[in-house]
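The values are calculated or read from the model by the stated rules, or taken from the named source; none is laboratory data. Since this is a predicted model, take the numbers as computed values, not measurements. All Cβ positions, even for glycine, are placed from backbone atoms using ideal geometry, and neighbour counts span all protein chains on display. Heavy atoms of the whole protein, side chains included, go into the accessibility calculation; ligands, DNA and RNA do not. Shrake-Rupley method; radii C 1.70, N 1.55, O 1.52, S 1.80 Å.
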Amino acid sequence: MALSRKIAYIDLTNRRVRTAPIPLEMRKLYLGGRGLDMYLLYNHVKPGADPLGPDNVALVSAGLLTGTLATASARTHVAGKSPLTGFVGSANMGGFFGPELRMAGFDHLVITGKADGPVYLWIHDGEIEIRDASHLWGRDAHQTQTMVRQELGDDDIQVMTIGVAGENLVRFACVMTSLKNAAGRTGMGALWGSKNLKAIAARGRMDIKLAFPEEALEYNKEIITQVTSAKVSKTMQKLGTLFIWGTTNSTGLVRVRNFQSNQIPYADDIEPESIEEEMIGTAGCFGCQVHCRGRYFIKKGPYTGAYVEGPEYTSLGAFGAEVGCTTKQTVLVGNHLVNMYGLDTLETGSMIAWAMELFEKGILTEKDTDGLDLRFGNDEAVIEAVHQIAQRRGIGDILAEGPLKAAEKIGKDAIKYLIHVKGMSNLHSDERPTPALALNIATASRGSDHLRSRPAIDLYHLPEKVLRKIYGNPVPYDGPLTSDYRDYEGKPWEVIWQEMCYEAVDCLGICKYHTVFLGPNMPNFSEWPRLIQLNTGLELTSKDIWDCADRAYTLERLFNLREGLTREMDWLPDRYFDEKTDRGLPVVRGKSIDREEFKKMIDEYYKLHEWDEKGRPTKKKLEALGLQDEPTHKL
Amino acid sequence: MSKKTEESAAKKVVKGRTSGQFRCLNCFERLTPPPGAKTFTCPNCGYAWRIYWFNPGEPRIRGPVWDVNEAQTQKSMAENKGGK
Ligand code: SF4
Ligand SMILES: [Zn+2]
């Protein structure tokens, strides 16, 4: 059965492996994927542990529905204490690894200690081997996957790996699988690098038996039609997530030159439709019919002939508007390099854009950059900066430390120009005209982040009736909700609902593009009970699923509080309040966030969560979720 | 296991989908440009959009007609229509 997969405890220091079943009781509380990982994180990482020390724990998991007939059940979750922020480290990736891990017999890996030299894990049909990876150390993410497949003699092996950035402990290094799937945020690649863990390979032939296969197939067909008939999905099939950037820039909600503007006009060459001209087709993840991943060959320059997937919205921001570049060649090459090096594209672009503003303001000079001319719009300097970060050379060695540590090293006024929350850079969007989205990044549990709680549909001007239907299920809500994205009122509940929705899909192992993220009429709490029941046999109501998500999200909050989170950190950089947007449509132009209104939003957000005024879950809330005695060490 | 007794939520959603239109990003009016049109000006607010047809029946906004929309915005900011 889908529920029979095991948890494996892998001690790299002593090279020991132990496996255990996952009790049904824990499934009912946390589902799987990110949910159970958060339980493991809270229970296995000692308070105050050094994120790059042997006491940190590297977690890898498949979701409850990963590898089943549920649509886009492709996701793999990667977690640990973040080397970037010191708070929750958590990142989710598409591709094929998660399903393969399940077919090899495992749902959760808990990797502790530190190997005495480079190793990789080979997981196959219920077995786990720790193997030497000296020959893989120094290889890029693509080479490593090919070499592992060749060595083990099976082209169908799925491999997760770090690139050189992870080996060099770049604090925003990611874990990669296949050409472009990245567990991108919070520096999980650096955590693996600190353990000398280069890769994990999986291959399985153990069937995932479904509870009601015929009915599951039928129901999934309906869900597929629901997803693929949405305009947003049809657009993604053609343009990938790049399409979001086009719409966002047209309105005036992108971040340009490190927050100095909110729209880049006449940048036709980096419009999604222009990048689409380079594409030779699209690819998809396990069980997905949307196929949003553009495929292309680089046609010019030193990387000519390289076969690449992507770029996504974030790479377009990172190597386009943020760094003031307007040629698609830079976007395509930048995207390729971060995938090879295993770098978080968002953080990489943000760090370079920040350094460019410091350069513009004279805080960094050519003396600091060893002659690298970090002017906005210098395409060559942007690409060189990517190499320097991954290889920890020159100014790259400082930028590789991530926002807060780099600002401390540079000194002067550098910190003033950082666009970050909790030490993690913001998405390349401008949230000054959109308080709901601003609240999302200020409060997200892994630092500034759109994939934790962004109510993106708030931008669609949906009628209140539609909003009530979405945001009133499965927990009734009769407070205010408004169609106007400039409003402050009613938005905290939207953020909380999205938190639960995204937490739930991350527990299930389903792609976020198959729920209420970019499209309002996508599957969510109404559809999931049946999907879960038909695939796994587990009977859960919509409210049960919500509670599982709430439980996991609350544990994330508890983890962060234990590691020093304060109310003051649920806040935005000063520039959100003090500088006004200078471009875009009239509705977004001349906007900044109002401090008082925003403070009220935070209060309301805490209240709705049943957290106290300092942002700590109340005793009542903990008891309602059964968390009052955590850590309970049941797994 | 539970039986399906009525039309599922998924099926209802699919029935309600529209095509051939996009919403003006400025005034949110639903617009129906003539097939294949490269640009379209919103009859409601005067903003002009470049159009991309991601398939023959489905248009989306590729981007603004920059100078037209900037002029519109300048005008409306002067009249203080940004609001809030
Ligand atoms: S929508 Fe895109 S990212 Fe999501 S599963 Fe499908 S191909 Fe993968
Ligand atoms: Zn209009």
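Of the solvent-accessible surface of the protein assembly as shown, computed with a 1.4 Å probe and all protein chains present, 51% belongs to carbon and sulfur.
Peptide B:55-67 has a mean of 5 when you count, residue by residue, the C-beta atoms of other protein chains within 10 Å of its C-beta. Quick check on the stretch A:99-250: what does the Kirkwood estimate of hydrodynamic radius come out to from the alpha carbon pairs, in Å? Hydrodynamic radius (Kirkwood, Cα only) of the stretch A:99-250 equals 17.6 Å.
The fraction of Cα-Cα pairs per 5 angstrom bin, counted from 0 for the stretch A:335-446, comes to 2, 12, 22, 24, 19, 12, 7, 2, 0 percent, rounded to whole percents. Rolling a 1.4 Å probe over the protein heavy atoms leaves A:Glu215 with an accessible area of roughly 80 Å².
In the stretch A:489-635, the alpha-carbon atoms span a convex hull of 152 Å³ per residue.
For the stretch A:370-432 versus the stretch A:93-140, the inter-centroid distance based on Cα atoms is 32 Å. Surface exposure of the stretch A:270-336, expressed per residue as accessible area with a 1.4 Å probe, stands at 30 Å².
This model, with +1 at the C-beta of Lys and Arg and -1 at the C-beta of Asp and Glu, gives chain A a dipole about its Cα centre of some 680 debye.
Report D for the stretch B:18-83 in µm² per second (integer): Stokes-Einstein, Kirkwood Rh on Cα pairs, 4 °C, 1.567 mPa s. My calculation gives 105 µm²/s for D.
Interface between chains A and B: roughly 3700 Å² of accessible area buried, both sides summed (probe 1.4 Å, protein heavy atoms only).
Annotation: Cα Rg of the stretch A:412-562 relative to the compact-globule expectation 2.2 N^0.38 Å equals 1.09. In the calculated pair-distance distribution of chain A, the portion above 49 angstrom amounts to 5 percent of the Cα-Cα pairs. Farthest towards the positive end of the charge dipole of the stretch A:236-425, among the residues A:Leu399, A:Pro302, A:Gly317, is the Cα of A:Leu399, using unit charges on the Cβ of Lys, Arg, Asp and Glu.
A convex hull fitted to the Cα coordinates of the stretch A:534-586 yields 201 cubic angstrom per residue. The three principal axes of the C-alpha atoms in the stretch A:307-399 carry coordinate ranges of 36, 25, 18 Å, sorted with the longest axis first. Please state, as a whole number in µm²/s, the translational diffusion coefficient that the Stokes-Einstein equation yields for the stretch A:6-203 at 10 °C and 1.306 mPa s, with Rh defined as the Kirkwood radius across alpha carbon pairs. Stokes-Einstein gives a translational diffusion coefficient of 98 µm²/s. For the stretch A:595-616 and the stretch A:199-261, what is the centre-to-centre distance using only Cα atoms, to the nearest Å? Taking the Cα centre of the stretch A:199-261 as reference, the centre of the stretch A:595-616 is 32 Å away. Per-residue ellipticity at 222 nm computed for chain A from its helices equals -11500 deg cm²/dmol, with DSSP H segments shorter than 4 residues left out and the rest contributing -39,500 (n - 2.57). Note on the stretch A:18-89: percent of Cα-Cα distances in each 5 Å bin, starting at 0 and stopping at the bin with the largest distance, equals 4, 16, 22, 22, 17, 12, 6, 2, 0. Local charge for A:Glu384 was computed over the other residues whose Cβ lies under 12 Å away, with Lys and Arg +1 and Asp and Glu -1, and equals -3. With the charge dipole of the stretch A:435-625 set up from +1 on Lys and Arg Cβ and -1 on Asp and Glu Cβ about the Cα centre, the Cα lying farthest toward the positive end among the listed residues A:Leu555, A:Asn473, A:Gly537 is that of A:Gly537. In the stretch A:435-497, the inverse of the mean reciprocal separation of distinct Cα atoms equals 11.7 Å; this is its Kirkwood hydrodynamic radius.
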